[in-house]
Structure formats: structure tokens, C-alpha cells
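The values are calculated or read from the model by the stated rules, or taken from the named source; none is laboratory data. Just so it is clear, the structure is predicted and the values come from calculations on it, not from any experiment. Don't worry about glycine lacking a Cβ; one is built from the backbone with ideal geometry, like all the others, and counts go over all protein chains shown. Ligands, DNA and RNA are stripped out before the accessible areas are found, and what is left, the full protein with its side chains, is counted by its heavy atoms. Shrake-Rupley method; radii C 1.70, N 1.55, O 1.52, S 1.80 Å.
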Amino acid sequence: MMATAARDPYRQAAVRRETLVHPTAAAAIQTECSACHMPMARFQANAEGRQGEVFSHLPLSHGDELAADGVSCSVCHQIGSARLGDRSSFTAHFDLDTTTPEGERQIFGPYEIDTGRTSLMRSASRFLPAKGDHIQTSEVCATCHTLITHTLDADGEVIGEFAEQVPYLEWKHSSFAGERSCQSCHMPVIEGKSAISSVLGVPREAVSRHVFRGGNILMPRILNAHRQELAVKALPQELQTTVQQTEKNLRTAAASISLVNSRVAEGSLHTEVVITNLAGHKLPSAYPSRRSWLHLTVWAASGEPVFESGGLNPDGSIRGNANDADGSRYEPHHGAIDDPEQLQIYEAVMADPDGAVTTVLLSAITYLKDNRLLPDGFNKTTADEDVAVHGKAAADEDFVGGRDRISYTVDVSQAEGPFIVDVELMYQPVGYRWAHNLGDHEAEEIERFIGYYEATAERSATVLAADKAIAE
């Protein structure tokens, strides 16, 4: 996903939609949105006194490597230690050295480098390798993965700021801060010694794997299926492996779930679901198109379902979800569910200055709902506005740092037990409404992505955790 960041068709469609909604700010939107997905091309443009661009680089082709290579090794490893962790470094405002002559600039890693290998790397890359402990800190990741965007009015004027995606700030407000870094999960270390260079490499301890384990199962599938049209360089098996490794990580390291107190009394089945967030940030985190929800089914002794909440439709929508049915509405946070038309969905729902639900990022000024599962140690009563809980979850005493508990009551008076209860915590990187709301505007990039989404919608979600219980 790092290397293909510039080729991401969802990002291309989303940026195009933002420029159509706010045409007078189109140049500023492109320069901001190219900062993390085309950082080399954007930084070079800025160094030459120009704004970054997106669409002038499309379609990506040979000879435009600064844009086509997405997030390269040399971008992250050139980031200096100045201002790291400070708000001024967020939204891709990292420091790169542009004053030292080319061929003399440093590139940072966690190890001491001897003179011979320094000369070797300089001759191969024109960079001087230098030890920089900051490269293994969460604050380096925060420069691009903390996006504080500007809210624009109908005339394209800035009227506020909006915390679009802030996993680093969520991490800082959790028990993980000071204990585990972003890299510890997303770049796990190799056991034993490993060489970090194929030429005269020295075996070293605690080498971080540059797999960048994330949560996007949808985009590698789309990139693979439409590789020629999107000029994808990664091999088919590599993208397939990315999907498999991502799903494995999501199913083992994202969350756990358990059914407790399952019983039948006076014609009703009662059960409680306890979800534990294993991640060091909200779940799901980052880009607000991501959502998780509970899919709970009750089966009678005959094998027939007597209740279902949260089933996924083939088009990627969720049955019973108010927002998927009507883009002007949204599903509230629930503490208890007794109707199949209700569902517990963990998501961030944005609002524009008029208080209307929106998926236009630069029209958003606040959240109507943010009940994404909190990381361990997160105190919602002391959280600042950037990471605050919004909506009914703020007053839910069972919605706390590290977990949520929700009760279900199901009428089983017309069925025979014992009853089987199945529950799954589902996850979807791009929700139905986030894809289809793009279609409010016409553009090639938008039409293309919606077509991709519709073709992949049946496989747009995965199971993070599951449990089963018997009630009688």
C-alpha cells in the first residue's frame, strides 16, 4: 500500500470529488492530498516554489517515477528529528534537508555504520547513512498519519480545522504510549539476526520488517484485478500475499470477542457481547471510511435463524444500517439491541457546518458520532477534541478504554431451543456510503472507482473476531 499509494483509485476518486465540491480551492487540495500519497513529487515541487499536483501526473507512466513510486524508502528515512511529535509536523509537514548539497545529505537508520559501508551506500544512493534513533519512534509515523485538515465553506474559504485521521493522538491517549511504538505492530522485528543490505550486509539484531501491516484488504484486491489500467508494478502473487497477511493480522491482533450470560427466560433469549480492542489506537482507526460492526445471529434447534442483526449485503451495504439506506441519516450507538433493524456499528460519522451528515472530507467540521472502539487505557472523559468520543457512546458506561459491552434480547417464544448464538466482529475498509456518495459528482476517476467497488463489494469486508454460545 505504501508503494502503490499514488495508484490508489479510491484516493484518486476522493481527491477529484473534493476539487469538484470546492473548485476554488482545487490547487490547495491537490498540494495537500499529494503530500502523503505522492510525497517525492510534492516535496520536489515545493522545493522549486510550486504547489504539489495530483492529476497532472495521471495516468502514471514511465519517466514520472517521483509521483509513480508512491511512498519511497528515501522519503521516510530522510525525515529529520526536528519538531517530531509537535502539531506543526503533522499533515506531512516533516523536515527534509534541502540545504546540504546532493551527495552529502544524510539518510537515517537505527544502526551505527562503518566508514566502508558509508562510502558504499553513498556511491549507490548518493546519501550518507547516519544513525538516528528517532527513525524508530511513533512520531515519525505521525507526520503523515496525523491529518488535521481545513474545513472549507461554499466559497472555498477556510472556516475551521478538523481531525480527519489521528491514530497517533489516539495512541498517545492510551496505555500503549511509552510502552509500544507504531513500529512494534506495523513493522514487527525479525527474530535473531538479519542482514539489512544484500551487498556486504552485517547481520543485526531486531531488524524491523518493512511489511507495514495495516488494515486495507480491499485496495490490494482492486489493484490486482485492474493492474493494467492502474499501471501496477507489484506482482499478482505479491498483492495476493498482502491480502492474506493483512487478513491474518486483523484476525489475530485487532480484537477479541466473547458471548457471556447467554440464557433463555420467559420466551426471550438474553446474551451480552464483550469486545476487546487489542490495537494501540481506536478500532477502526485512520481514514473515516472504515467501519466495524457486530453481526449476531440466533439459530433455533431446527437450524432456522430466528434473529439476525448486521448481515452484509452483496453490494457492500449492511442490512439495517440507517446510513447505507439513507445518506442523510446514521445508525446511533446502542447499549442494547432487541430489533433486527438495529445494529451496533463502530464508526466515525462526519458533519458539515450545517450539521448534515457528509463524506466530503473538506466540508467536515465535527463528528456527529465517533464510537470506534477505544484502545486500552483511553479515558474518554479526559480526551481532547481531536480524539473525543461523540454521540451516545460518550454516556455509555459500558463503552470504556479497551472494550465495549452490549446486550441483546431476542424473542424466541415461537421457536424451539436450545438456541445457538453466533457473533462476528466485522470490518470493512471502505463503507458502502463512502464509495457511492462519490457518484454525486461526475468524473472519470469517480466512475472508475465505483465500478471497481461494485465488482469487489462481496469481498469488501472480513471477520476480525468471532464467538459462539448455546442458550437454553
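This table checks each residue for (1) within 20 Å of GLU112 (Cβ to Cβ); (2) free of Cβ contacts under 8 Å to residues at least 60 places away in the same chain.
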residue: SER138; (1), (2): no, yes
residue: THR149; (1), (2): no, no
residue: ASP155; (1), (2): no, no
residue: GLU164; (1), (2): no, no
residue: GLY192; (1), (2): yes, yes
Checklist entry - at pLDDT 95 or above, of a type outside the set (Ser, Thr, Tyr) and farther than 22 Å from GLU272 by Cβ, is that true of VAL410? => result no
Next on the checklist: If I filter segment 279-294 for residues that are touching a strand residue (DSSP E or B) at 6+ places or on another chain (Cβ under 7 Å), of a type in the set (S, T, N, Q) and farther than 22 Å from PHE399 by Cα, do I get at least one hit?
Outcome noted: no
Checklist entry - Is at least one residue of segment 128-141 polar (S, T, N, Q), out of contact with any strand residue (DSSP E or B) (no Cβ under 9 Å at 6 or more places or on another chain) and in a loop (DSSP other than H, G, I, E, B)? => result yes
Checklist entry - What number of residues within segment 37-64 satisfy the criterion of being over 21 Å from GLU445 (Cα atoms) and among the charged types (D, E, K, R)? => result 2
Next on the checklist: Can you report the number of residues in segment 284-298 which are over 18 Å from ASN321 (Cβ atoms) and either touching a Lys or Arg at 6+ places or on another chain (Cβ under 8 Å) or assigned to a strand (DSSP E or B) (or both)?
Outcome noted: 2
Next on the checklist: Condition check: under 19 Å from the mean Cα position of the chain (by Cα), under 18 Å from ALA461 (Cα atoms) and not aliphatic (A, V, I, L, M). Does GLU347 satisfy that?
Outcome noted: yes
Checklist outcome for this item: The condition of being within 23 Å of GLY451 (Cβ to Cβ) and more than 22 Å from the chain's Cα centre (by Cα) holds, among PRO314, PRO288, PRO305, only for PRO314
Checklist outcome for this item: If we keep only residues of segment 106-125 that are outside any helix (DSSP H, G or I) and under 30 Å from GLY214 (Cβ atoms), then the residue most open to solvent (accessible area, probe 1.4 Å) is GLN106
Next on the checklist: Is it the case, given these coordinates, that GLY103 is surrounded by fewer than 12 Cβ atoms within 10 Å (Cβ to Cβ), out of contact with any strand residue (DSSP E or B) (no Cβ under 8 Å at 6 or more places or on another chain) and assigned to a helix (DSSP H, G or I)?
Outcome noted: no
Checklist entry - Within segment 1-57, can you find the residues that are of a type in the set (Gly, Ala, Ser), part of a loop (DSSP other than H, G, I, E, B) and open to solvent by 30 Å² or more (accessible area, probe 1.4 Å)? => result ALA3, GLY49
Next on the checklist: Residues to consider are ASP114, ASP133, ASP95; find the one that is more than 35 Å from the chain's Cα centre (by Cα) and without any contact (Cβ under 8 Å) to a residue 40 or more places away in the chain.
Outcome noted: ASP114
Checklist entry - Of these, ILE79, ILE148, which one is open to solvent by less than 40 Å² (accessible area, probe 1.4 Å), in contact with an Asp or Glu (Cβ under 9 Å, 6 or more places away or on another chain) and not in a loop (DSSP other than H, G, I, E, B)? => result ILE148
Item to check | Residue identified as touching a residue at least 40 places away in the same chain (Cβ under 8 Å) and within 18 Å of GLY431 (Cβ to Cβ) among GLU385, GLU347 | outcome: GLU347
Item to check | Residue tally, condition farther than 20 Å from LEU58 by Cα and among the aromatic types (Phe, Trp, Tyr), over segment 428-452 | outcome: 2
Checklist entry - Among (1) under 19 Å from ARG291 (Cβ atoms); (2) over 24 Å from the mean Cα position of the chain (by Cα); (3) among the small types (Gly, Ala, Ser), where does ALA435 come up short? => result (2)
